[in-house]
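Following: one structure in structure tokens, then a few remarks.
Nothing in this text is a laboratory measurement; each read-out follows from the coordinates by a stated rule. Just so it is clear, the model here is predicted, and its values are computed rather than measured. FYI the Cβ positions are ideal-geometry reconstructions off the backbone, even for glycines, and counts take in every protein chain you see.
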Amino acid sequence: MLETGRLARRAAVLPAASVTRGAVVIRPLGAQSRFSLRTRPATAEALGTVAGFTLALPINRMSTAGERTSLRLGPDEWLLIGPEAETDELAEAVSAEFGERVFSLVDVSHRNVGIEITGRNAAHVLNAGCPLDLAEAAFPVGMATRTVLGKAEIVLARTGVDAWRVECWRSFATYVHGFLGEGALDFVAVTG
Amino acid sequence: MSQTYRLPQGGRIDRSQPLTVRFNGKALQGYRGDTLASILLANGQHLVGRSFKYHRPRGILSHGSDEPSALLSVNWRAERGPGFTDPNNRASVVEAREGLETRSQNHWPSLEFDLGAVNDLLSPIFVAGFYYKTFMWPRKFWDSVYEPVIRAAAGLGKAPEVPDGDRYSNRHAHCDVLVVGAGPAGLAAALAASKDGAARVILADEGREPGGALLHDLGSTIDGKPASDWVAEAVATLDARENVVVLPRTTAFGYYNHNHVVMVERVADHRVDAAAGLPRERLWQVRAGRVILATGSHERPLVFANNDRPGIMLAESVRVFVNRYAVAPGRRIVFATSGASAYTAALDARRAGIDVTLVDLRLEEDCGPELGELRAVGVEVLTGHTVVDATGRKRVTGLVVAPIGRDGRVGARRTLPCDAVGMSGGWTPAVHLFSQSRGKLRFDVELDAFVPGQSVQAETSAGACRGLYDLAAVVADGFRAGGAEQPVEASASRTGFQPARVLPTDADPAKVRAFIDFQNDVTAKDIKLAVREGFESIEHVKRYTTTGMATDQGKTSNMNALGLVAGLLDKEIPAVGTTTFRPPYTPVTFGALIGPSRDALFEPVRKTALHQWAESQGAAFENVALWKRAWYFPKAGEDMHRAVSRECKAVRETVGIFDASTLGKIEVVGPDAAEFMNRIYTNAWTKLEPGRCRYGLMLREDGYVMDDGVVARLAHDRFHVTTTTGGAARVLQHMEDYLQTEWPELDVFLTSITEQWAVIALQGPKAREVIAPFVSDIDLDPAAFPHMAVRTGYICGVPTRLFRVSFTGELGYEINVPADYAESVWKTLWERGQTLGMVPYGTETMHVLRAEKGYIIVGQETDGTVSPDDLGLGGLVSKVKPDFIGKRSLARPDLVGSGRKQLVGLLGKDPAEVLDEGAQIVATPDQPVPMTMIGHVTSSYHSPNCGRSIAMAMLVDGRSRIGETLYVTTPSGFTTATVCEPVFFEPKGERFNA
């Protein structure tokens, strides 16, 4: 039996502390369980929901129920996000509900890093590197998409009028975090 | 003598806010609202620089962004130390601000006394094409003598030598309507377009405040209001609308596809107290539903002898300095014109108390009512006169004019003493952005100008930029462009001109220095020479003479050059061609283009979960794609060679630990996963049992090796694929491409798991001993867990995909753990390894160890033209599979014939000598150059385990040359090497089965 002292510990890639620049707050999100779920659109429509994750969503929309969030990133692709401690349980529950249907569920909990950015100018900060139209009419609350931030690929989701979630791959997290912090400097102080 | 030329009242300057700037060290006083140009003129400083080629004294030609001559080096933040200076700022557009330190350019030792001016005396030999003709021979002199000397003598300003200390930012923005230019047309367009509160409108203007030409129009009224009131009301209305963003100090410089317009906003340069984080400039990348161009027009200079003397400026610019900045460019100003607008300038100057004379090229009867209006206020007007010369050198002292007879003969000269000249050769619509949008230009003979013709994008031009010069028409056109039909009443404008190319003269044309392009120092004579030498297309004339090719893109010169060429060739202007305008409209700083992409944000630097540990151990890193990889781990006093030798030995003797996290990883899942793998890879996958691994080779359609890697079958419908580090993204894209476009019927999905799993490689005889205490749920017994197998279980209590694979030839494991756990697992293994002689090793040792075993690296042994058989890996190509990517190409005659380069080993004659990677191989050096090269070295190392140097090479028919001695190039000549099998260490390959 393995001694407890030898149990491996998690090390986050980003420091947990928030960065505040004016009204903009950039907060690395803690560890969570994440899966890339792939299945044919018809299967998703038929199931509607699996293990508390809503699949029957318009493309580029997200849905949150309790601590479980699903983001439909394409016709056959969902990003599922749940509590850190429930990775195995979620995988089992999703697999059980798919049963014999064709699907692919891959654990990407450690691949992705989540960053929350909030505040009045958060959309402008994202627009420092994201070419999408982030006005509410074009990118309403509940929208989620794969896009770019500067030279990094990200998944961008609008969780509130002035609240966004950015997901990127682990090794891009330092860049993405730094890029957001740099862009937010525009809103620190304007004088003269 | 401060601000001697400042008028006692008027102007849009704030006399309550005095300020001081420095010009060549001298303090000059001015006011908030001034530009550098207006401050210089207010202080009587007309000489502000030396010209590009002839080092002629130059002054201020214009009041706007078309300024070709008054280029200054500006230190924006002298108080913050170096890094805030840049050259070639147009004095006419730099807002004056307390503390700016400016310098003139292109002279030595001083602006007043410039030795380079000898070029002006030598000008008869510096004709167009002079460099091409003169410095051809001897060839070797070009690099060492001619070019450095020419570069030092010519040029514009000095490039900064220290990093830019400012911050620059970038912003993407979207709108329904983008209006470029906030003059009368642009303001009207923005008013109309923003009426609907749902329409998002951006109005951008390069000036410090909206208004454009109305800012210096004191006489006109619009709808019964003074022009300035109309502007103020329009701006207030726009400011009150939430759907409008007004961006002053913002130049739209690039118009790209899909209405992507790029603009630069000057955010900080005008602020005295700019906070440290405030960007100096912000690059706006706007995607607009519709673009309204209201970019106005540029005035043309007149072309006559010495028309570049300081004090000679554009007529409208004189008006701007008088009206907007309350500066008299001179006490006695002569206007020279071929059109009506200069009369307005003359009237305004007269009203300001300046002594004015006007010379009009047009005959008395061709002039309009403006003639009487000017004479009515007592101004002398000479009609039917040409300008033949200007006197004065560092400041104009007189304009030499002469009547033109009915027969075209130039009559008696008369010198009009003056200290400033305002000239006008008519107007050119600013069609730059329209042209950049790929719109077709149309030549309008009446206007003597190119105007927008057919649009290509959702764009419309309004006002002077499409040849409308009457104020009422301009405003109405702006409303129309913005979507409203609205009648406009405005006072009449003085418009119309007679095209003038080169003014008639009685002087010998060969001796006249009449400038067309002020920035590149091109004279009418140069253009005539080019035409005489056979250049007929304006594109060729431009390149031969460089006219219009300076940083101002010929804003003031293009039409004069074009008209001159057309006249010489006796062709219509459109037949000679027009110029294509390219971005940027005005020069843009590198900082604005780069934005945040510098230092730590230059590129994403990808680091593995184990990076910090390696760093703490003093590892040297190398860049692999965007990754930083530990290269080797030197101990105190070790160089790379020693460190790598030690690491290589240790792996084979005890055990080494290596970070393989950057390997690309793709999870292939679905009932058709095996079929998909069969089609992507050359080898067969159907029979691979879950729990087993196989080395896979992947080809492109052309049959050449694209990537390779070990693939594990985790379950019947689940594969864990590994790729090369650099190939990860490419391979996933390749797979997705086929899946989506060729085989959509396959039920299989691909997910990148490169970053989910960190990979700790343990290689060496003691590898099992290291991990044994920490692994649970996996039987490590070799019988239960053989080489090329995979097991899932736990290590240090966290999930692992444990591969038993070897890229070294040793017993080895690749421990995949979720990335956040990797550092902790590594440290645990490291701690135990200390008792077993474990070393960390880097990519260099990995390379050497695999070369000792003859394992290839895609991209090192292969170069995109190498087939599996070339590598001796023909056995990995399935003969029975019906198809896979590249299968048909493998049967191409040139892929099956002899004479192909094949992978071999090379042992150099001198065991201590490491051959150069990339060195060429020849059968004998005893042959004429160019020799027949029969191969090249692909990998070459010192192998501590073999006790000598080893190399791999691609050699023509190499496998039939085993044992031959061939010649390999060295930096100084040749060395010899013997061809061998590409395996140098333990050819039997049994150690990994331990």
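So here's what we get for this one:
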{"read-out": "√(5λ) per eigenvalue of the Cα gyration tensor, segment A:32-108, largest first, Å", "value": "17, 14, 10"}
{"read-out": "Alpha carbon convex hull of segment B:898-986, volume per residue in cubic angstrom", "value": "89"}
{"read-out": "Segment B:506-569 - Rg and Dmax from Cα coordinates, angstrom", "value": "10.8, 33"}
{"read-out": "Sequence-distant lysines (8 or more away, or on other chains) whose Cα lies within less than 17 Å of B:Lys687", "value": "B:Lys879, B:Lys881"}
{"read-out": "Per-residue average of Cβ from other chains inside 10 Å of B:590-601", "value": "3"}
{"read-out": "For segment A:32-108: relative contact order, % (alpha-carbon pairs under 8 angstrom, 6 or more apart)", "value": "42"}
{"read-out": "Mean Cα-pair separation over length for chain B, i.e. relative contact order, pairs under 8 Å, 6 or more apart, %", "value": "8"}
{"read-out": "Bridge type composition, the protein assembly as shown - antiparallel percent by DSSP, nearest 5", "value": "80"}
{"read-out": "Degrees separating the helix B:227-240 axis from the principal Cα axis of chain B, which is the longest one", "value": "30"}
{"read-out": "Other-chain or far-sequence residues with amide H under 5 Å of A:Arg61's (modelled H)", "value": "A:Arg72, A:Ala144"}
{"read-out": "From phi via Karplus (6.51, -1.76, 1.60), per-residue ³J(HN,Hα) for segment B:387-393 in Hz, x at Gly/Pro", "value": "9, 10, 5, 10, 9, x, 10"}
{"read-out": "Protection proxy ranking of A:167-178, B:578-589 - average other beta-carbon atoms within 10 Å, highest first", "value": "A:167-178, B:578-589"}
{"read-out": "Listed residue pairs exceeding 25 Å between alpha carbons, taken from B:Lys628/B:Lys988; B:Lys607/B:Lys827; B:Lys53/B:Lys511; B:Lys53/B:Lys440; B:Lys53/B:Lys571", "value": "B:Lys628/B:Lys988; B:Lys53/B:Lys440; B:Lys53/B:Lys571"}
{"read-out": "Integer Hz, Karplus 6.51/-1.76/1.60 couplings in order for segment A:58-72, x for Gly and Pro", "value": "x, 4, 6, 10, 10, 9, 10, 9, x, 9, 10, 10, 10, 10, 8"}
{"read-out": "GluC sites (Glu not before Pro) within segment B:176-284: DSSP coil, no more than 16 neighbouring Cβ in 10 Å", "value": "B:Glu242"}
{"read-out": "Environment charge at B:Gly467 (Cβ cut-off 11 Å; Lys +1, Arg +1, Asp -1, Glu -1)", "value": "-3"}
{"read-out": "Rounded to whole Å, sorted largest first: equivalent-ellipsoid semi-axes of the protein assembly as shown, Cα gyration tensor", "value": "69, 37, 27"}
{"read-out": "Qualifying trypsin sites (Lys or Arg not before Pro) in segment B:345-408, DSSP loop, other Cβ atoms within 10 Å at most 13", "value": "B:Arg406"}
{"read-out": "HN-Hα J in Hz across segment B:288-304 - Karplus 6.51, -1.76, 1.60, θ = phi - 60°, x for Gly and Pro", "value": "10, x, 9, 10, 10, 8, 10, 9, x, 9, 10, 7, 9, x, 9, 9, 8"}
{"read-out": "Segment B:898-986, relative contact order in percent, only Cα pairs under 8 angstrom and at least six apart counted", "value": "39"}
{"read-out": "Other-chain or far-sequence residues with amide H under 5 Å of B:Asp707's (modelled H)", "value": "B:Met698"}
{"read-out": "Share, in percent, of DSSP beta bridges within chain B that are antiparallel, nearest 5", "value": "75"}
{"read-out": "Dipole magnitude (debye, nearest 20) for segment A:32-108, charges at Cβ of Lys, Arg, Asp, Glu", "value": "420"}
{"read-out": "Chain B pair-distance distribution - Cα-Cα, 20 Å bins, rounded %", "value": "12, 31, 24, 23, 9, 0"}
{"read-out": "Tilt relative to chain B, helix B:819-833 - C-alpha long axis, 0 to 90 degrees, to 10", "value": "50"}
{"read-out": "Local net charge near B:Thr586, Cβ-Cβ under 12 Å (Lys/Arg +1, Asp/Glu -1)", "value": "-1"}
{"read-out": "Check: segment B:1-82 dipole with +1 on Lys, Arg Cβ and -1 on Asp, Glu Cβ, in debye", "value": "220"}
{"read-out": "Angle between chain A longest axis and helix A:87-98 axis [Cα atoms, degrees, rounded to 10]", "value": "60"}
{"read-out": "Net charge over other residues, Cβ less than 12 angstrom from the Cβ of B:Asp870 (K, R count +1; D, E count -1)", "value": "-2"}
{"read-out": "Cleavage-rule hits, GluC sites (Glu not before Pro), segment B:517-559, DSSP coil, Cβ neighbours within 10 Å at most 14", "value": "B:Glu533"}
{"read-out": "Protection proxy ranking, peptides B:979-986, B:756-763, B:460-467, average beta carbon neighbours within 10 Å, highest first", "value": "B:460-467, B:756-763, B:979-986"}
{"read-out": "Aspartates and glutamates whose Cα lies under 16 Å from that of B:Lys665, excluding same-chain neighbours fewer than 8 positions away", "value": "A:Asp107, B:Asp707, B:Asp708, B:Glu736, B:Glu755, B:Glu814"}
{"read-out": "Positive dipole terminus of segment A:32-108, leading residue within A:Ser95, A:Ala85, A:Phe53 (C-beta point charges)", "value": "A:Phe53"}
